[in-house]
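Worksheet for the structure shown next.
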4 protein chains.
Amino acid sequence: MNAIDKLAELLKELPGVGPRQAKRFVYFLLMKNENYLRELSDLIPEIKKRVSSCQNCFRYFSKDESNGSLCKTCLDKNRSTKSLMIVSRDTDYEAVEKSNSFDGYYFVLGGILPVLEQDPQKFIRLNELRKVIEERKIAGLEEIILALNANPDGDFTADFLKKELSNTGLKITTLGRGLSTGTELEYSDKDTIGNALKNRN
Amino acid sequence: MNAIDKLAELLKELPGVGPRQAKRFVYFLLMKNENYLRELSDLIPEIKKRVSSCQNCFRYFSKDESNGSLCKTCLDKNRSTKSLMIVSRDTDYEAVEKSNSFDGYYFVLGGILPVLEQDPQKFIRLNELRKVIEERKIAGLEEIILALNANPDGDFTADFLKKELSNTGLKITTLGRGLSTGTELEYSDKDTIGNALKNRN
Amino acid sequence: MNAIDKLAELLKELPGVGPRQAKRFVYFLLMKNENYLRELSDLIPEIKKRVSSCQNCFRYFSKDESNGSLCKTCLDKNRSTKSLMIVSRDTDYEAVEKSNSFDGYYFVLGGILPVLEQDPQKFIRLNELRKVIEERKIAGLEEIILALNANPDGDFTADFLKKELSNTGLKITTLGRGLSTGTELEYSDKDTIGNALKNRN
Amino acid sequence: MNAIDKLAELLKELPGVGPRQAKRFVYFLLMKNENYLRELSDLIPEIKKRVSSCQNCFRYFSKDESNGSLCKTCLDKNRSTKSLMIVSRDTDYEAVEKSNSFDGYYFVLGGILPVLEQDPQKFIRLNELRKVIEERKIAGLEEIILALNANPDGDFTADFLKKELSNTGLKITTLGRGLSTGTELEYSDKDTIGNALKNRN
């Protein structure tokens, strides 16, 4: 395979990138200055060395941010030790942090459990989660918040975790269902209306 | 104006219909059989006579459905007298009824209060609502549920009604906010995440 | 069926209207003044009487526009007798007239021939077309322009008509294929690029 | 800036990539194996060395494909020397090649001339084009095909080049305008209908 096609093929693996956009990435790179190309190609193989996975919450963090094995958020003593929010991915963590609505700690599952999957550890960090919960219980953990997507895989994963973690003795909650911002009643499905009514306040 | 353009102009007033679709409606009617046209033109001027506005909840109902001044739902003795759901329009009533999640009674406001509007009675049935609430209180009403759209006008109307109805001594609730079916955390706005967290259960 | 549902069912037949929009049409009509309802219901059964189908081109026209059996366009002596444009529907005629790019006469087929259809007269005014062509030939007709949609049914109908009308001895053309306004080369399909190249000028 | 944000910032420069997708690219790279990262980071700085810009048509080509200063297409003796197609970008060349509808040679302008721009050479390879045309004239060139997008910038560039190249004595054509595949007459703009009619055949 020639160099243009080879690079396009590699870039096509990036999430959400099709063959045509990958080709456009290649032509873009061909027109960029050496400086940009050097920065990019220096950083890509380095990224794993310059980024750690937090030993507590398993999210990725830059070593510039924290030198040890724990991320900035896990090191923050001002957060509440009472609640642990379980999210699927780093991008979910980021969305919640940006909302400024949670001051407890996080745990990144690393994925979602597909409906009917038999081997959960292949998809989510179940053993790691159990260990973290035991440690956090000593520190005062009271509630586990399952913050997963409101879709079948998210629901399946939440149901699975509720059962798996029932023996922790902790309160286990899920994010409230109801009308999200901008929703019009007339166009809402039965579940959303039913949940909005059940969760009225 | 010629007959085609005149009919197109009338049909263009229907909600969500533009000039091009109105024209297509006219050509469609020109190709339909006399039977359809007669049924349609007989029913249109009759519709107001064959449909009543319920004296209790103010929604429209066919007289075929109920002969008196009250609609089938308001006549239903099996519903709970404890809660009254306030919706903006008949289509909202229909969406909630279809969800099978509510067994109390309804009140149709007839509109929504635009933000900063000074004369509420022009937009919503405020006086009628007060009267209905007084009557329903005698019958055991305990809670008023404001089931309005999750947008600025809906929120403004809900805030307005909460203040206006505070002297009723009743519990006043609004539909729960949170993740609606299908919502992904990563793409949710701050308010939705904040509400979903607050309303976790 | 009750009156609201009955009217919604009739309105649901209008092109492009679903059950929910039909219901909204009913509530809209219930809130409109008597005047509007009367105008609408008077005009609907009248529309067929106040509108004729032109005996030459078969498009619909208001009798306000022309008293006889021919429409304004067919009566216009300033148009060229050399070319006849064949369109599928009245809305196509309107789009071409609005473009101010054609000064010949029209013929409205009344439909499109579905691919593989055996009985063309059921879908398009084939016999009427033949008769009109014979008459127009005497008046100097030289070219038949098949102005049909650039999709499989349009192409099938054009191919069918080319064969059917080959014995007229007239020049038969179809609309030029190529880049339509706004088209970007990069996103164009093979046929469009091939046609644009063949039809370059 | 930390390593994650730095890499996201570099990736955000790729065409069509926003900050959120860039972040997702970073997390994707963090989870990829070393092999992929090495291949990618080895190829990026190399790409300029392994790809040449053809001295005739100025499109990019891999040196695996051709060793000299000319690309495979320019070296192909079976193509017609009579016509030269001028395209804006490499991706346009690819779209035309895939359509199998052209067997002449190409010239890649490298951009498009913005409407009202005073200094064309800053945006398109005008001097290079003149030189190539002089050489190709000796080899039998008869026609220049301006294959540009059917939008204002494309039209402006075509008009500009027609004037600039009028002294070459060559026939200069543009891609045919008309109905592109899938276009429905009813929804077409005036220009498209006018062009489709003018270019009928």
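The values are calculated or read from the model by the stated rules, or taken from the named source; none is laboratory data. Fair warning: this is a prediction, and the values are worked out from it, not measured in the lab. Methodologically, a virtual Cβ is constructed for each residue, glycine included, from the backbone with ideal geometry; neighbour enumeration extends over all protein chains shown. Ligands, DNA and RNA are excluded from the accessible area calculation, which covers all protein heavy atoms including side chains. Shrake-Rupley method; radii C 1.70, N 1.55, O 1.52, S 1.80 Å.
What the table shows:
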read-out	value
Shortest-first nm distances, C:GLY16 label point to equivalent points in other copies (7 Å, Cα→Cβ)	1.2, 2.9, 3.2
Relative contact order computed over the stretch D:84-156 (Cα-Cα under 8 Å; 6+ residues apart), in percent	40 percent
Euclidean distance between Cα centres, the stretch B:30-57 to the stretch A:19-86, Å	64 Å
Length-normalised contact order for the stretch B:136-201 - Cα pairs under 8 Å, 6+ apart - percent	31 percent
Efficiency of FRET between B:GLU184 and B:ASP5 - r from beta-carbon atoms, R0 51 angstrom, step 0.05	0.60
Choice from D:GLY68, D:GLY110, D:GLY178 with maximal GNM fluctuation in chain D (Cα, 10 Å cutoff)	D:GLY178
For A:TYR106, residues with placed amide H under 5 Å, excluding near neighbours	A:MET85
Within a Gaussian network of chain C (alpha carbon springs, distance under 10 Å), most fluctuating of C:PHE102, C:PHE58, C:PHE25	C:PHE25
Mean separation of Cα contacts under 8 Å (6+ apart) over length of chain A, as relative contact order %	13 percent
Pairwise label distance in nanometres, D:LYS131 with A:ASN67, each label 7 Å out on the Cα-Cβ vector	5.7 nm
Closest Cβ on chain D to the rotation axis that carries it onto B (distance rounded to whole Å)	D:GLY182, 15
DSSP-defined antiparallel bridges as percent of all bridges, the protein assembly as shown, nearest 5	20 percent
Dipole in debye (nearest 20) - chain A, about Cα centre, beta carbon charges: Lys, Arg +1; Asp, Glu -1	280 debye
Choice from C:SER41, C:SER83, C:SER53 showing the highest fluctuation, given a GNM over chain C with Cα pairs closer than 10 Å	C:SER41
Selection from A:SER66, A:SER80, A:ILE44 lying farthest towards where the dipole of the stretch A:26-83 points positive, charges on Cβ	A:SER80
Amide H partners (placed H, <5 Å) of A:VAL51, local residues excluded	A:LYS63
Buried solvent-accessible surface, both chains (B, C), 1.4 Å probe, Å² to nearest 100	4700 Å²
Nearest-20 debye value, the protein assembly as shown charge dipole, Cβ charges on Lys, Arg, Asp, Glu	0 debye
In nm, spacing of pseudo-spin labels at A:GLU13 and B:ILE138 (7 Å Cα→C-beta vector)	7.7 nm
Too-long pairs where the Cα-Cα distance tops 31 Å, listed order kept, from B:LYS32/B:LYS72; C:LYS49/C:LYS77; C:LYS98/C:LYS122; C:LYS137/D:LYS171; D:LYS32/D:LYS122; B:LYS23/B:LYS72	B:LYS32/B:LYS72; C:LYS137/D:LYS171; D:LYS32/D:LYS122; B:LYS23/B:LYS72
7 Å along Cα→Cβ, label-point gaps from A:LYS63 to other copies, nm, shortest first	3.5, 8.4, 9.1
Other-copy label distances relative to D:ASP155, 7 angstrom Cα-Cβ extension, nm	2.8, 4.4, 5.2
Using θ = phi - 60° and Karplus 6.51 cos²θ - 1.76 cosθ + 1.60, couplings along the stretch C:60-68 (whole Hz; Gly, Pro as x)	7, 9, 6, 5, 4, 7, 7, 8, x
Rounded FRET efficiency, nearest 0.05, which uses the C-beta distance separating B:GLN118 from A:GLU97 and R0 of 35 Å	0.25
Rounded to whole Hz, the Karplus (6.51, -1.76, 1.60) HN-Hα couplings of the stretch B:96-103, x for glycine and proline	5, 4, 5, 6, 6, 10, 9, 10
DSSP bridge pairs, chain C: antiparallel proportion in percent, nearest 5	20 percent
Amide H partners (placed H, <5 Å) of D:SER88, local residues excluded	D:LEU109
In degrees, nearest ten, helix C:152-164 long axis to first principal axis of chain C (Cα)	50 degrees
Rh (Kirkwood; distinct C-alpha pairs) - chain A, Å	20.0 Å
Charge dipole (debye, nearest 20) of the stretch B:29-123; +1 at Cβ of Lys and Arg, -1 at Cβ of Asp and Glu	200 debye
Radius, Kirkwood style, for the protein assembly as shown when every pair of distinct Cα atoms is counted (Å)	32.9 Å
Chain C - percent of accessible surface contributed by carbon and sulfur, probe 1.4 Å	47 percent
